[in-house]
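Structure record follows, encoded as structure tokens.
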Amino acid sequence: MQPPVFSFQTLSVPAEALFKEQGSRFLAFAFPVSSEPDIKTHLAALRKKYYDATHHCYAWVLGADKSRYRANDDGEPNHTAGDPILGQIRAHNLTHVLIVVVRYFGGTKLGVGGLAQAYKAASAAVLANAVIVEREVTCSCSIRYAYTSTPEVMSLVKEFDLKIQHQDFSDAGFMQVILSLRNRDDFVKRLELLRALGHPIAFDEGIGTK
């Protein structure tokens, strides 16, 4: 069984780079992404802007555990474009990242080895221009509690740096919060202790993580 992943590296903002090889131009773009629809939006925008390019090759990785990924050669010989791009994402230990390399053919064929090296170099160049950051893996959860337990709940919010997304005060207190997965077990233990002390606090954990 794989140990839980508590954090991951990704990009803070998009980045660009230009690489040239024997007349061909390779325009490289790197984006932080959160989902496949997000990826499709970036690809569509680049295809529209650089509609006259010879190829739009790309690779992406999603998930804190890097379990979802894809590489696309877009008409280049098999494994000469998408795989070298994906290789650079992995070499930098990144996820939630899309890299697209737009090629304008310069009239000279580079050969299989030359193409792979060019796409690798373009991807390396754009990542050299990127700002890499570490993000915490989080989960969404809800807390329901009696009003008399409000001080204890607010103490939990401060202690575990919970990000409150939604609050409701009708029959009882309710919070939708974001919790760092790294702190989940300690958070649950604190809730169990408070319940043992007579505080009616219910906790429901969401499935999705960021």
Sort out which residues of segment 47-60 are surrounded by fewer than 20 Cβ atoms within 10 Å (Cβ to Cβ) and touching a strand residue (DSSP E or B) at 6+ places or on another chain (Cβ under 7 Å), and write them in order of number.
ARG47, TYR50, ALA53, THR54
Given the criterion buried (at least 18 other Cβ atoms within 10 Å of the Cβ), out of contact with any helix residue (DSSP H, G or I) (no Cβ under 6 Å at 6 or more places or on another chain) and of a type in the set (Ser, Thr, Tyr), identify the matching residue among THR10, THR80, THR41.
THR10
Let me confirm something: among LEU43, LEU11, which residue is assigned by TED's automatic domain parsing to the domain that holds ILE99 and within 20 Å of ASN93 (Cβ to Cβ)?
LEU11
Where ALA45 falls short, out of the listed (1) of a type outside the set (Phe, Trp, Tyr); (2) in contact (Cβ under 8 Å) with a residue 12 or more places away in the chain; (3) farther than 15 Å from GLN117 by Cα:
(2)
If you go through segment 162-185, how many residues are surrounded by fewer than 12 Cβ atoms within 10 Å (Cβ to Cβ) and either in a loop (DSSP other than H, G, I, E, B) or among the hydroxyl-bearing types (Ser, Thr, Tyr) (or both)?
2
Which condition number in (1) under 15 Å from HIS96 (Cβ atoms); (2) surrounded by 13 or more Cβ atoms within 10 Å (Cβ to Cβ) is the one that SER34 fails?
(2)
Of residues in segment 136-177 being of a type in the set (Phe, Trp, Tyr) and touching a strand residue (DSSP E or B) at 6+ places or on another chain (Cβ under 8 Å), the one nearest to SER12 (Cα to Cα)
PHE160
If you check every pair at least six apart or on different chains, which have Cβ atoms under 7 Å apart with a residue in segment 8-20 that is farther than 15 Å from VAL100 by Cα first and a residue that is part of a strand (DSSP E or B) and basic (Lys, Arg) second?
PHE8/ARG135; THR10/ARG135
What residue, among those in segment 107-141 that are under 16 Å from the mean Cα position of the chain (by Cα), not in a loop (DSSP other than H, G, I, E, B) and not charged (D, E, K, R), is surrounded by the fewest Cβ atoms within 10 Å (Cβ to Cβ)?
VAL133
Output for segment 155-176, where each listed residue is touching a Phe, Trp or Tyr at 6+ places or on another chain (Cβ under 9 Å) and either under 27 Å from PRO3 (Cα atoms) or not assigned by TED's automatic domain parsing to the domain that holds ARG144 (or both)
LEU156, GLU159, PHE160, LEU162
Given the condition under 26 Å from VAL131 (Cβ atoms), in the same structural domain as ALA121 (by TED's automatic domain parsing) and in contact (Cβ under 8 Å) with a residue 24 or more places away in the chain, answer yes or no: does some residue in segment 70-78 qualify?
no
Pick out the one residue from VAL137, VAL133, VAL126 that is in contact with a helix residue (DSSP H, G or I) (Cβ under 8 Å, 6 or more places away or on another chain) and either touching a residue at least 60 places away in the same chain (Cβ under 8 Å) or under 22 Å from SER34 (Cβ atoms) (or both).
VAL137
Could you list, in sequence order, the residues of segment 1-18 that are at pLDDT 95 or above and of a type outside the set (Val, Ile, Thr)?
PHE8, GLN9, LEU11, SER12, PRO14, ALA15, GLU16, ALA17, LEU18
ARG144 - would you say it is under 30 Å from PHE19 (Cβ atoms), in a strand (DSSP E or B) and of a type in the set (Lys, Arg)?
no
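The values are calculated or read from the model by the stated rules, or taken from the named source; none is laboratory data. Everything numeric in this text was worked out from a predicted model, so none of it was measured. Positions of Cβ are generated from backbone atoms using ideal geometry, with glycine treated the same way; all protein chains shown enter the neighbour counts.
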